[in-house]
Amino acid sequence: MTIPNLNRRTLLCGAAGLALGAHGAAPAAPAAPAAPAAAAAAGAGAADWDALARHYDVAPEFVNLENAYLGIMARPVLEAFKRNVDLVNRGSSQYLRTRFDSVEKEAIRARVAAHTGVAPGELALTRNACESLQNLIGNYRLLRPGDVLMMGDLDYDVVQDAMAAAARRGGHQLVTVRTPEPATRQNVIDAYEGALRQNPRTRLLLLTHVNNRTGLVTPVAEIVRMAKSRNVDVIVDIAQSWGQLDFSIPDLGADFVGANLHKWVGAPLCSGFMAIRASRLQDIAPQAGNTLYPDTDIRARVHPGTMDVPAVMTIPAAIDFHGSVKLADRAARLRALRDRWVHQVRELPGVQVLTPEDPAMYGALTSFRLRGKTSYEDNVALARRLAEEYGIFTVARKGPVGGACIRVTPSWFTRDEDLDRLAAAIKALAA
Ligand SMILES: Cc1ncc(COP(=O)(O)O)c(C=O)c1O
């Protein structure tokens, strides 16, 4: 692994470089983050990951294995964000009107589009994945009386709510597909295939690439192909997978996608996007009567009012930092961290691991439960014990058919010994 793009300018300026350059004033240069010698050395290996980990300021008081909620910013990104907060606060409306609104926002949108593999006109910036997905679902124009909406039991609660609201509004049936446990690539595909066959009036399907309950990776491209062959439109939630797994948006084959950048890309909170295939733009109505943009512009599909401008300005710095390590290497690293603890506990009779060993079916996130401990309360209590007795922060999740579970999510700065500590704790608790 190398960190080729972490050149000095990127690290120092990031998005702020864009803004500050426009003002013609160089920022007071913060200390350049040390590019550790190990990081410069080519070739994959533990030393390189140690070098990447040193770019993060991580709370030392606990082991953070709950990195699926917020992806903390690497130090160069955090520094860029702080400069952008200062810049916006100092320049205020003058800065927003003369620089951000008129020039920089569009440059950032184009940058994010390039990062995802779609055309600039196919992507709109949003505040988060929920906003993207709510707008796509709520403004989908093609539902007719008698049509069925379909989602999965492991989809994200807020997005399930958006599907349920759309179904209620039009008097449509809402079908929920149960993900089998244990899951395999084939039985997940079969579950959706069977549900689509049994519900031939299905018009709109929600898929989640990496669900937030078990971490299972849904074979999205296969299911999208299958759905499209039945004239079913698919909205894909890539909130957890974008930046974590090695793919670009066109790989999914989906026409409608919602994501954030504040998890696995490591941008500041309140940065996200939606993507709509150009030929399908008219199938999504403008959001909340947006007249700021013409109907032919994807930006009419978002109407957020004032955005978190410093966060948006920092997106390019986050993309630069994230892109400094090949996505395939990042994805493999996260799977290796997950394997480190899972392989120590998977065969224990008292433990159930909720993702299969198929590398195509998991990334960083994997949930487990102690056999027989299936209630949410059981798992909240277990997460508390892990935190209080072992200093390990995780989270209880509910929703899988087999019951609630504990979600474990390492990240770029997680050390092998952190995962060994978790494995030892699980062994003790399951004994
Ligand atoms: C699968 C999934 N979808 C959607 C979301 C919502 O993301 P955001 O916080 O960007 O709205 C999350 C957040 O955890 C998630 O895990």
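Label sites at Arg141 and Ala328, each approximated as a point 7 angstrom past Cα along Cα to Cβ, lie 4.1 nm apart. With R₀ fixed at 25 Å, the C-beta to C-beta distance from Ala278 to Asp153 puts the FRET efficiency at about 0.15.
Taking amide H as placed 1.01 Å from N in the peptide plane, Val148 has its amide H under 5 Å from the amide H of Thr202, Arg203, Leu204, each at least 5 places away in sequence or on another chain.
Working from label points 7 Å from Cα in the Cα-to-Cβ sense, the Asp251 to Ser229 distance is 2.2 nm. Is any residue of the stretch 379-401 close enough, with backbone N under 12 Å, to a label point placed 7 angstrom from the Cα of Ala424 along the Cα-Cβ axis, and if so, which? Counting backbone N atoms under 12 Å from the label point, the list is 390-391. Cβ crowding within 10 Å ranks Tyr390, Tyr376 as Tyr376, Tyr390, fewest other Cβ atoms first. Computed from backbone phi with θ = phi - 60° and the Karplus coefficients 6.51, -1.76 and 1.60, the 3J(HN,Hα) list for the stretch 272-286 is x, 7, 10, 10, 10, 4, 3, 5, 10, 4, 6, 8, 10, 6, x Hz; x is used for glycine and proline. Within the chain, helices built from complete DSSP H runs that reach 27 Å or longer along their own axis (Cα positions) and carry a mean Kyte-Doolittle hydropathy of -1.0 or higher are 75-95, 327-345. Summarising the amide proton neighbourhood of Val177: residues at separation of 5 or more, or on other chains, whose placed amide H is nearer than 5 Å comprise Met151, Gly152, Asp153.
The label point for Ser102 and the one for Gln173, both projected 7 Å from the Cα toward the Cβ, are 5.6 nm apart. Sequence-ordered 3J(HN,Hα) estimates for the stretch 174-180 from the Karplus curve with 6.51, -1.76 and 1.60 and θ = phi - 60° stand at 10, 9, 10, 8, 8, 7, x Hz, glycine and proline given as x.
Computed about its Cα centre, the charge dipole of the stretch 284-341 is approximately 440 debye, with only Lys, Arg, Asp and Glu carrying charge at their Cβ. Under 5 Å between amide hydrogens, built in the peptide plane, is the criterion, and for Val395 it picks out Arg407 among residues at least 5 positions away or on other chains.
Under 1.5 on a/c is rounded, so check that first for the chain, then, if it is not, pick prolate when a/b is larger than b/c and oblate when it is not; a ≥ b ≥ c are the square roots of the alpha carbon gyration tensor eigenvalues. Oblate, because a/c is 1.5 or more while a/b does not exceed b/c.
Computing FRET efficiency as 1/(1 + (r/R0)^6) for Arg371 and Ser92, where r is the C-beta to C-beta distance and R0 is 56 Å, gives about 0.45.
Here, each number is a calculation from the coordinates, and none is a lab measurement. Computed from a predicted structure; not experimentally measured. Note that each Cβ is placed from the backbone with ideal geometry, even for glycine, and that neighbours are counted across all protein chains shown.
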